[in-house]
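S.K.: Could you have a look at this structure, given as structure tokens, before my questions?
Nothing in this text is a laboratory measurement; each read-out follows from the coordinates by a stated rule. In this text, all values refer to a predicted model and were calculated from it rather than measured experimentally. Cβ: placed from backbone, ideal geometry, glycine included. Neighbour counts: every protein chain shown.
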Amino acid sequence: MSGNTFGRLFCVTSFGESHGPAIGGVVDGCPPGLALDARDIQADLDRRRPGASRHVSPRRESDAVEILSGVFEGKTTGAPIGFLIRNQDQRSGDYAGLADVFRPGHADYAYTRKYGFRDHRGGGRASARETAVRVAAGAIARKWLRERFGVTIFGWIAQIGPIRIPFSDEGAIAENPFFVPDARAVARIETYIDELREAGDSAGARLCVIARGVPAGWGNPVYDRLDACIAYAMMGVNAVKGVEIGAGFSCAGQKGSEHGDEMTPEGFLSNHAGGTLGGISTGQEIRVSLAVKPTPSIRLPRRSVDSTGRPVVVETRGRHDPCVGIRAVPVAEAMLALTLIDHALRHRAQCADVCCSSPGIS
């Protein structure tokens, strides 16, 4: 199976299945000298892990990370960083009845058509369990970005099902299990999630992620545009069905006099471009928005077919998120960090000696 490595200079390769003994990854290309231990990674994993609240999957995983290589005396050596996250709470028996059935909305059918068979236990490689590896690798990337350039990255939920959440308090994001920037919305969301769980249904979500402090000049024209690489990274996250940079699809209804971000000596007057122009960062905030589909594993009867093509009715049991978008916030943050560090290293390789003589803006 190909397609398990992300990045060019900062490369992340993941391995493992949802119900195997462990998942893990290898980070190759991390600059040497970065102070790193498991605690730097664990904090982000704890934000993503299942069982963290009653509103997400009740699967009980500590997601404790073990660093196996690439770190000596508390610092990265430049060698590949290998890490492992052991699976501790598999219930493979929950999926026994799905071995010959294709679940609607899942990768079951596509995997079978491609590989001739599939690991039906929790979805195997298609499971969102794999995203823990991305979060672990992303934690390494975001620490280097923060210490080297002062880049900070954070995400939040802007919508769950029909509930739109205004961005009223950035400080509230870390204070509730939904990553929402408005404490007043929490009670309404709790009620909605409880209703979904009781009904055996699920809901989609829209989440946003921002990177602050990104220097101007990262990215490349044409095929390796920074915004294109960000969109590629985000579309590779499980359940993501849409990506917007800056104004995104709303720019279709704007005029040029509205969309173009005017500049003054004091700075840009708006950020409809989302922090990139011509595929290169402008020094503004990188702004990304993602649409995440409803969790396809639901208890409600759904029509499908089995491996012989016969019609069946599928009712998915087991432990699933009523809204998988909630736990996708740390994953989106990680993928943005991984994209930015890769472009930071590419920029350093080609343009580290470039001295820009044109005036900048603050």
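S.K.: Collect residues whose amide H, placed 1.01 Å from N in the peptide plane, falls under 5 Å from the amide H of Leu277; neighbours closer than 5 in sequence don't count.
M.R.: Amide H neighbours of Leu277: Thr282.
S.K.: Which of Ser307, Ser168 comes first, and how do the rest follow, when ranked by fewest Cβ neighbours within 10 Å? Intermediate results must be reported in sequence, preceding the final value.
M.R.: Numbers: Ser307 15, Ser168 12.
Going from least to most buried by this count: Ser168, Ser307.
S.K.: How large is the Rg to Rh ratio of the range 5-351 when both quantities use alpha carbon positions and Rh follows Kirkwood?
M.R.: Values: Rg = 20.7 Å, Rh = 21.2 Å.
Rg divided by Rh gives 0.98.
S.K.: For the chain, which span is the longest to avoid every loop-located (per DSSP) member of GluC sites (Glu not before Pro) having at most 13 other Cβ atoms inside 10 Å?
M.R.: Working: sites that count: Glu73, Glu262, Glu266, Glu315.
So the longest stretch without any such site is 74-261.
S.K.: Taking amide H positions as placed 1.01 Å from N in the peptide plane, with prolines and chain starts having none, which residues 5 or more places from Val214, or on another chain, fall under 5 Å of its amide H?
M.R.: Ile286
S.K.: Just give me a number: lysine pairs in the chain, eight or more positions apart or cross-chain, with C-alpha atoms less than 30 Å apart.
M.R.: Summing the qualifying lysine pairs gives 7.
S.K.: Along the positive direction of the dipole of the chain (beta-carbon charges: Lys, Arg +1; Asp, Glu -1; about the Cα centre), which of Gly275, Val27, Tyr109 reaches farthest?
M.R.: Tyr109
S.K.: When the Karplus curve 6.51 cos²θ - 1.76 cosθ + 1.60 is applied with θ = phi - 60°, which whole-Hz ³J(HN,Hα) does each residue of the range 178-195 get, with x for Gly and Pro?
M.R.: 9, 6, 9, x, 7, 4, 5, 8, 4, 4, 5, 5, 4, 4, 5, 5, 4, 5
S.K.: Place a +1 charge on the Cβ of each Lys and Arg in the chain and a -1 charge on the Cβ of each Asp and Glu, then give the dipole magnitude about the Cα centre in debye, rounded to the nearest 20. Before the final figure, lay out each step's value.
M.R.: Working: 43 positive and 40 negative charges, 200 e Å.
The dipole of the chain has a size of about 960 debye.
S.K.: Would you kindly derive the ³J(HN,Hα) couplings of the range 14-19 from the backbone phi angles with the Karplus curve 6.51 cos²θ - 1.76 cosθ + 1.60 (θ = phi - 60°), listing them in order in whole Hz, with x for Gly and Pro?
M.R.: The phi angles translate into 10, 8, x, 10, 4, 10 Hz.
S.K.: FRET efficiency for Phe249 and Ser270, Cβ-Cβ distance as r, R0 = 25 Å, nearest 0.05?
M.R.: Result of the calculation: an efficiency of 0.90.
S.K.: Tabulate in residue order the Karplus-calculated ³J(HN,Hα) for the range 340-355, using 6.51 cos²θ - 1.76 cosθ + 1.60 with θ = phi - 60°, rounded to whole Hz; enter x for Gly and Pro.
M.R.: Residue by residue, the range 340-355 yields 5, 5, 5, 6, 4, 6, 5, 5, 4, 5, 9, 10, 4, 9, 6, 10 Hz.
S.K.: Suppose each label sits 7 Å from its Cα in the direction of the beta carbon; what would the Phe117-Gln350 distance come out to in nanometres?
M.R.: 4.5
S.K.: Here's something else I'd like to know. In what sequence, highest mean first, do 29-39, 151-161, 3-13 appear when ranked by Cβ atoms within 10 angstrom?
M.R.: Numbers: 29-39: 15.2, 151-161: 21.3, 3-13: 17.3.
Taking the mean over residues of other Cβ atoms within 10 Å, the ranking is 151-161, 3-13, 29-39.
S.K.: Scan around Lys75 for amide H atoms under 5 Å from its own, H built in the peptide plane at 1.01 Å from N, and keep only partners 5 or more places away or cross-chain.
M.R.: Here Leu36 satisfy the definition.
S.K.: Going by how many other beta carbons lie within 10 Å of each one, how would you line up Lys75, Lys241, fewest first? Please report the intermediate quantities before stating the final value.
M.R.: Numbers: Lys75 14, Lys241 10.
Least to most surrounded, the residues fall as Lys241, Lys75.
S.K.: Rounded to the nearest 500, what is the chain's calculated 222 nm mean residue ellipticity when only DSSP H runs of at least 4 contribute -39500 (n - 2.57) each, over all residues? Numbers along the way, then the final one.
M.R.: On the way: 7 runs with 90 residues, N = 362.
The helix-only estimate for the chain comes to -8000 deg cm²/dmol at 222 nm.
S.K.: Still on this structure, please answer the following. Testing the spin-label approximation: label points 7 Å from Cα along Cα→Cβ at Thr77 and Ala228. State their distance in nm.
M.R.: Result: 3.8 nm between the two label points.
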